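First up is the structure itself, then whatever we jot down about it.
The numbers here are math on the coordinates, done by the rules we state, and not lab data. In this text the structure is predicted, and so the values were computed from the model without any measurement. Glycine gets a Cβ as well: all are built from the backbone with ideal geometry, and neighbour counts include every protein chain shown.
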Amino acid sequence: MAQVASPSSSASPLTVAAAASLIKATVTGANPLLLPTANPPGWAAVVSNLSPTYFDVKYTSPDGGKSVDFALVVPNPPPPGPNGSQSAPPGSHSLYQVDDTTLATSQRFLVWNEPGTWSEPSVVAAVPYFISTTGLTDAESWAIANSSSK
């Protein structure tokens, strides 16, 4: 996702805990406000697009080889590539995509609507979330996505 600076964005990397505090203090128009809690130790976070109703936080491994982009946003992701796949996990209103199923750590994303309230105009009583991972396996990506909590 593109990072657009705003007055409440972090221009330089923060700790994961500091990023969570900044987001929780600013985003007041979404309930529930979710953030992943399973980020590995030592990862840094950069917050952007921060407002009372939106945020984007990018978590990056110390070596820069792995990243997780987590956002409260109405996403518009690209279609999968020729070796990609899309699925709708059972029992949810979500979309899961793997860009290249032949690569174990291919970019993948999950889009879902979390039941709740959002102060932006919406046709659904839900909060839209997006998570994208790069350099992580399917299991690692799901572990971080499943750790999203208040």
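Taking R0 as 22 Å, what FRET efficiency do you get between Leu103 and Thr37 from their Cβ-Cβ distance, rounded to the nearest 0.05? All intermediate terms of the calculation are to be shown ahead of the outcome.
Details: r = 27 Å, r/R0 = 1.22.
The pair Leu103/Thr37 has a calculated efficiency of 0.25.
Express the relative contact order of the chain as a whole percentage, based on alpha carbon pairs under 8 Å and six or more residues apart in sequence. Intermediate results must be reported in sequence, preceding the final value.
On the way: 322 pairs, mean separation 35.9, N = 150.
Result for the chain is 24 percent.
In nm, to one decimal, how far is the modelled label at Ser12 from the one at His93, with both set 7 Å along Cα→Cβ?
Between Ser12 and His93, the simple spin-label model gives 4.2 nm.
Using the charge dipole of the chain (Lys, Arg: +1 at Cβ; Asp, Glu: -1 at Cβ; taken about the Cα centre), state which of Val68, His93, Thr15 has its Cα farthest towards the positive end.
Thr15
Given H placed 1.01 Å from N in the peptide plane, which residues other than close sequence neighbours of Leu14 have an amide H under 5 Å from its amide H?
Result for Leu14 returns Ala45, Val46.
Using the Karplus curve 6.51 cos²θ - 1.76 cosθ + 1.60 with θ = phi - 60°, what ³J(HN,Hα) values do you get for each residue of segment 14-22, in whole Hz, with x for Gly and Pro?
10, 6, 4, 5, 5, 4, 4, 5, 4
For an R0 of 25 angstrom, estimate the FRET efficiency from the Cβ-Cβ distance between Ser85 and Ser147 and round to the nearest 0.05. Numbers along the way, then the final one.
Working: r = 23 Å, r/R0 = 0.92.
For Ser85 and Ser147, the calculated efficiency is 0.60.
For a quick check, take a GNM of the chain with Cα springs below 10 Å and name the residue from Ser51, Ser21, Ser94 with the largest mean-square fluctuation.
Ser21
Which of Ser106, Val27, Ala145 sits farthest toward the positive end of the charge dipole of the chain, with +1 on the Cβ of Lys and Arg and -1 on the Cβ of Asp and Glu?
Highest projection toward the positive end goes to Val27.
Per-residue HN-Hα couplings for segment 130-136, Karplus 6.51 cos²θ - 1.76 cosθ + 1.60 at θ = phi - 60°, whole Hz, x for Gly and Pro?
With coefficients 6.51, -1.76 and 1.60, one gets 9, 10, 10, 10, 9, x, 10 Hz.
If a/c stays under 1.5 just call it rounded; otherwise compare a/b with b/c (prolate if a/b is bigger, oblate if not). Do that for segment 49-137, with a ≥ b ≥ c from the square roots of the Cα gyration tensor eigenvalues. Don't skip to the answer; put the middle values down first.
Working: a/c = 2.56, a/b = 1.38, b/c = 1.86.
Oblate, because a/c is 1.5 or more while a/b does not exceed b/c.
List the residues whose amide H sits under 5 Å from the amide H of Phe55, counting only those 5 or more places along or on another chain, with H placed 1.01 Å from N in the peptide plane.
Leu72
In sequence order, what are the phi-derived ³J(HN,Hα) couplings for segment 36-45 according to the Karplus relation 6.51 cos²θ - 1.76 cosθ + 1.60 with θ = phi - 60°, rounded to whole Hz, with x for glycine and proline?
Ordered by residue, 3J(HN,Hα) equals x, 10, 9, 5, x, x, x, 6, 10, 9 Hz.
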